[in-house]
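Each reported figure results from applying straightforward, stated rules to the coordinates on display, with no laboratory input. Everything numeric in this text was worked out from a predicted model, so none of it was measured. Note: ideal-geometry Cβ built from the backbone for every residue, glycine included; neighbour counts use all protein chains shown.
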Amino acid sequence: MTTFTSTFVEEAVGVLSAINVEDIDKCAEGLAALRGRGGRLFILGVGGSAGHASHAVNDFRKLCGIEAYAPTDNVSELTARVNDEGWETVFEAWLRISRLGADDGLLVFSVGGGDIENQVSVSLVRALELAHERGAAIYGIVGRQGGYTAQVADACVIIPPLFPDRITPHTEGICAVIWHLLVSHPVLAAQPTKWESIS
């Protein structure tokens, strides 16, 4: 057991060290520009990344002063859309009702980034197509080679798939590290976190 634990920690350190920090800074600068123009940030994720999206919405709103939302936070609307219209268009339809526009942006959390050919996370691809059509900014924190998100993003952090047996846990775990870095970044942080403000 100790060997596995040590290996996992060493892998995580290796993956984190291999990330292109310039991509993180580019995301931070883009998100700061979005805030400056009064745009809204829509954070999209599926599965564990939906949980991350909900947490990140809180952080971007509270710590950075960015109006942020996650479509997956409204389970009633989400499941009604899936039931009535299908999973593929669930985010796209939500964003249309929210009047996604050129001042706004998407932030995608995903292991694969969306892939039409393999029919994985197609709901993300449809949302990104709408964002591209409307001129909204696109950012991502994704794994593997980044999929469709990396192809169309203004800035995208790719978490390198260095350990093929554990791509998902490393991507999802390090995604949380990256978005916490972003909300702490000097160009974005507007409020101190509670314990640091006490100290």
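Taking a ≥ b ≥ c as the square roots of the eigenvalues of the Cα gyration tensor, an a/c ratio of 1.5 or more together with a/b no larger than b/c marks the chain as oblate. Farthest toward the positive end of the dipole of the chain, out of Ser197, Gly36, Asn58, is the Cα of Ser197, where the dipole comes from beta carbon charges about the Cα centre. With a/c under 1.5 counting as rounded, go ahead and sort the stretch 127-199 into rounded, prolate or oblate using the C-alpha gyration tensor (a ≥ b ≥ c being the square roots of the eigenvalues; past the cut-off, prolate if a/b is larger than b/c, else oblate). Oblate shape, in that a/c is at least 1.5 and b/c is the bigger or equal ratio. With 0.36 nm allotted per residue and the present C-alpha distance subtracted, the Glu117-Thr168 stretch has 16.4 nm of extension available. Available extension along the chain between Ser54 and Ser197 is 49.1 nm, counting 0.36 nm per residue and deducting the alpha carbon span.
Placing +1 at every Lys and Arg Cβ and -1 at every Asp and Glu Cβ, with all other atoms neutral, what dipole size does the stretch 56-128 have around its Cα centre, in debye to the nearest 20? If you can, show how the numbers build up before the last one.
On the way: 6 positive and 12 negative charges, 39 e Å.
Using only the charged Cβ atoms, the result is roughly 180 debye.
Amide H contacts under 5 Å for Val108: Leu44, Tyr139, Gly140, Ile141, restricted to partners 5 or more places along the chain or on a different chain, H placed in the peptide plane at 1.01 Å from N. A simple spin-label model places pseudo-atoms 7 Å from Cα toward Cβ; at Ser6 and Val82 they are separated by 4.2 nm.
For the listed peptides 149-161, 175-187, a ranking on the average number of other beta carbons within 10 Å per residue, highest first, reads 149-161, 175-187. Phi angles of the stretch 129-139 translate, via the Karplus equation with coefficients 6.51, -1.76, 1.60 and θ = phi - 60°, into HN-Hα couplings of 4, 5, 4, 4, 4, 8, x, 6, 6, 10, 10 Hz per residue; Gly and Pro are given as x.
Quick note on the stretch 56-150: its Rg to Rh ratio, both from C-alpha atoms and Rh being the Kirkwood radius, is 0.95.
Here the stretch 34-96 is assigned +1 on the Cβ of each Lys and Arg and -1 on the Cβ of each Asp and Glu. Its dipole about the Cα centre then comes out at about 420 debye.
Where the only charges are on Cβ atoms (+1 Lys, Arg; -1 Asp, Glu), what is the dipole of the chain about its Cα centre, to the nearest 20 debye? Walk me through the numbers on the way to the answer.
On the way: 14 positive and 24 negative charges, 100 e Å.
About 480 debye.
Put simply, the amide H of Glu67, placed in the peptide plane, has neighbours under 5 Å in Leu41, leaving out anything fewer than 5 places away on its chain. Here the stretch 8-51 and the stretch 108-185 have alpha carbon centers that stand 9 Å from each other. Each of the trypsin sites (Lys or Arg not before Pro) that DSSP puts in a loop and that has at most 15 other Cβ atoms within 10 Å breaks the chain; the longest unbroken stretch is 100-199.
A Förster radius of 22 Å combined with the Cβ-Cβ distance from His180 to Glu67 puts the calculated FRET efficiency at roughly 0.65.
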